[in-house]
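Note sheet for the following structure.
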Amino acid sequence: MLLLTPVALWPCLLSLLRTVCCNYSVDLCSWKGSGLSQEPGSVEQIFLHCAEGDVEWLYPVGALHLSLSPRLPPWPASPATPGSRGARVTACIKPAESFRGAQIYLERDGELQLLVRDQQEEEEEDGAIEPKVHCFSRSAGEKVALFIQSTLHRDISRRIAAFKYELRGDWGSGVLLPQQIERACRPCNDTEVLMAVCTSDFVVRGHIRSVFHDAERQESIVSVSTTKIYRQKYTLFHPIGKYGKSFGEVRTFLKCGVKQGVGTFIFTGHVHFGEAWLGCAPRYKDFKRISEVAKEAHENQCEIESD
């Protein structure tokens, strides 16, 4: 079990550490470096400006200070979210299964909060475990910073501290922190359905083929056969055969108790570390009714083809 106890970030200690020149990729999304080029006690400054990417630190020595400042889309103006007031950013990191040789801290207000322990230490205490995704929330415009500290090992040759990160604006788009299961499981109201259709990473119409419950990961995997793909940020649903249908999988929390339903649905949601996660999923007939009412009231923020 990871400890989330705040640790004081001693300004005097950091001032004594030697800061190494920035080293980041050309696309400003990912970084790969080696501790062999760092001096013990040094802190390398890294600045990344994308909403998602990878960090791979070979043979960790010293520490990394990672600042994340993605160019997120502007906050939409709506009665629920006037301007940017109350807007939040959700950030998540997913350590690699082979994460070794360092610990990851969240930096905020001069304090460090432990997020990810050295995987080797975890295995020594609890046995082999699958790395977990760690998410946290920030106000719009608030700095997102991580401090990655190497741990002491006699042999660093097999130590690689690698992880993926994602940052998203969750100003009504349906992006959820993992602990918000209750919100994820409740049915969407009409306003949330319309917002999901406009802002989701994928919007498809189709049927539920099967539902598999993964007790170990506490997830339910919904196999979907689509009859219409309105939008998909990545290729999540792949065509199979010659009948114009595409197939894919959508995940949700096990506690939601998803069952195989009969009929046609509109599936919406977001991509989380390459996997499709379910947002709102109304029946198609209900979506048509909601959309028609909103259109008559001139409240549709976007339109998708219906028949």
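The values are calculated or read from the model by the stated rules, or taken from the named source; none is laboratory data. Worth saying up front: this structure is predicted, and the values here are computed from it rather than measured. Here Cβ is always computed from backbone atoms with ideal geometry, including for glycine, and neighbour counts include all displayed protein chains.
All of (1) more than 20 Å from Leu68 (Cβ to Cβ); (2) at pLDDT 80 or above hold for Leu106 with one exception: (1). Among residues of region 201-218 that are over 11 Å from Ile266 (Cβ atoms) and small (Gly, Ala, Ser), those with a Cβ under 7 angstrom from a residue that is in a loop (DSSP other than H, G, I, E, B) and at pLDDT below 95, sequence gap 6+ or separate chain, pair up as Ser210/Gln260.
Residue count for region 135-154 satisfying the condition of being under 16 Å from Val116 (Cα atoms) and part of a loop (DSSP other than H, G, I, E, B): 2. Listed by first and then second residue, the pairs linking a residue in region 100-113 that is in the same structural domain as Arg158 (by TED's automatic domain parsing) to a residue that is of a type in the set (Asp, Glu), with Cβ atoms under 6 Å apart and 6 or more places separating them unless they lie on different chains, are Gln103/Asp118.
Taking region 243-295 as the range and being under 24 Å from Ala96 (Cα atoms) and of a type in the set (A, V, I, L, M) as the test, the residues that pass are Val250, Leu254, Val271, Ala276, Leu278.
Would you point out the residue of region 245-292, among those that are of a type in the set (D, E, K, R) and assigned to a loop (DSSP other than H, G, I, E, B), that is modelled with the highest pLDDT? If we take residues in region 245-292 being of a type in the set (D, E, K, R) and assigned to a loop (DSSP other than H, G, I, E, B), then Lys259 is modelled with the highest pLDDT. Within region 229-244, the set of residues being part of a strand (DSSP E or B) and closer than 13 Å to Thr268 by Cβ comprises Ile229, Tyr230, Arg231, Gln232. Identify, by number, the condition in (1) assigned to a loop (DSSP other than H, G, I, E, B); (2) modelled with pLDDT of 90 or more; (3) within 20 Å of the chain's Cα centre (by Cα) that Pro60 doesn't meet. Status for Pro60: all satisfied but (3). Tallying residues that are under 16 Å from Thr227 (Cα atoms), small (Gly, Ala, Ser) and surrounded by fewer than 22 Cβ atoms within 10 Å (Cβ to Cβ) within region 264-296 yields 0. Residues that are surrounded by 14 or more Cβ atoms within 10 Å (Cβ to Cβ) and either over 30 Å from Val55 (Cβ atoms) or not assigned by TED's automatic domain parsing to the domain that holds Glu192 (or both) do occur in region 252-263. With respect to the conditions (1) outside the structural domain of Val204 (by TED's automatic domain parsing); (2) in contact with a Pro (Cβ under 8 Å, 6 or more places away or on another chain), Ile290 lacks only one, and its number is (1). The residues of region 245-267 that are among the basic types (Lys, Arg), out of contact with any helix residue (DSSP H, G or I) (no Cβ under 6 Å at 6 or more places or on another chain) and within 17 Å of Ala184 (Cβ to Cβ), listed by number, are Arg251, Lys259. Residues satisfying the criterion are absent from region 220-243 (criterion: within 26 Å of Tyr165 (Cβ to Cβ), small (Gly, Ala, Ser) and in contact (Cβ under 8 Å) with a residue 40 or more places away in the chain). For region 186-228, a residue qualifies if it is polar (S, T, N, Q) and assigned to a helix (DSSP H, G or I), and the qualifying residues are Thr191, Thr199.
Within region 109-150, the residues that satisfy the criterion of being on the phi < 0 side of the Ramachandran plot, at pLDDT 80 or above and small (Gly, Ala, Ser) are Ser137, Ala145, Ser150.
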